[in-house]
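The values are calculated or read from the model by the stated rules, or taken from the named source; none is laboratory data. Just so we're clear, the structure is a prediction, and the values are computed from it rather than from any experiment. Don't worry about glycine lacking a Cβ; one is built from the backbone with ideal geometry, like all the others, and counts go over all protein chains shown.
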Amino acid sequence: MYKYKETAPGRYVLSLDNHVEICEALCAFCKEKGIFAGVVSGIGAVSEAVFRFLDPSTKQYVDKRFEEQMEITNLTGNISCTDDGSRAPYLHIHITAGRRDYTCIGGHLLSARINGACELFVEHFPAAVIGRRFDEQTGLKLYEF
Ligand code: FE
């Protein structure tokens, strides 16, 4: 699903395999390395993606699928731990994607299938496991310190 190199303690460069789904591959990598707190950034190209928008007035998520070739002009996010006791990596990723007409769209990244390449940079914060807790006021799963 991916190849990687550790460039310094806790710092990784990843090259994801073509046609894999980005969140699935990143989750598998975090599980392999036991990463429950960290940051991720990257670039790449995808052929389909689902983005998510949270409407603060309704606290409802609105998801939208895009089926077209797009450049990942930016992918930024963080890695924490699910709050359900399963101790699984929890990804919170935002993405901006460039279309054929050079306009950009973006949102939360729910899923995206690589068509070309995807190069990610992961920094592990090894001294921490950071969890999340649902916040009634915002409707978000916020960091729990
Ligand atoms: Fe967000």
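Yes/no per residue for (1) at pLDDT 95 or above; (2) more than 13 Å from the ligand (Cβ to nearest atom); (3) closer than 17 Å to residue 134 by Cβ; (4) surrounded by 12 or more Cβ atoms within 10 Å (Cβ to Cβ):
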position: 76; (1), (2), (3), (4): yes, no, no, yes
position: 81; (1), (2), (3), (4): no, yes, yes, yes
position: 84; (1), (2), (3), (4): no, yes, yes, no
position: 88; (1), (2), (3), (4): no, yes, yes, yes
Which of the residues that make up segment 98-145 are more than 24 Å from residue 57 (Cα to Cα) and either within 16 Å of the ligand (Cβ to nearest atom) or touching a Lys or Arg at 6+ places or on another chain (Cβ under 9 Å) (or both)?
-> 111, 112, 121, 122, 123, 124, 129, 130
Scan segment 32-52 and give yes if some residue there is more than 16 Å from the ligand (Cβ to nearest atom), touching a Pro at 6+ places or on another chain (Cβ under 7 Å) and either touching a residue at least 12 places away in the same chain (Cβ under 8 Å) or on the phi > 0 side of the Ramachandran plot (or both), otherwise no.
-> yes
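Quick check, is residue 63 over 30 Å from residue 128 (Cα atoms), surrounded by fewer than 18 Cβ atoms within 10 Å (Cβ to Cβ) and within 16 Å of the ligand (Cβ to nearest atom)? Write out each step before concluding.
Details: over 30 Å from residue 128 (Cα atoms): yes; surrounded by fewer than 18 Cβ atoms within 10 Å (Cβ to Cβ): yes; within 16 Å of the ligand (Cβ to nearest atom): yes.
Spelling it out, residue 63 is indeed over 30 Å from residue 128 (Cα atoms), surrounded by fewer than 18 Cβ atoms within 10 Å (Cβ to Cβ) and within 16 Å of the ligand (Cβ to nearest atom).
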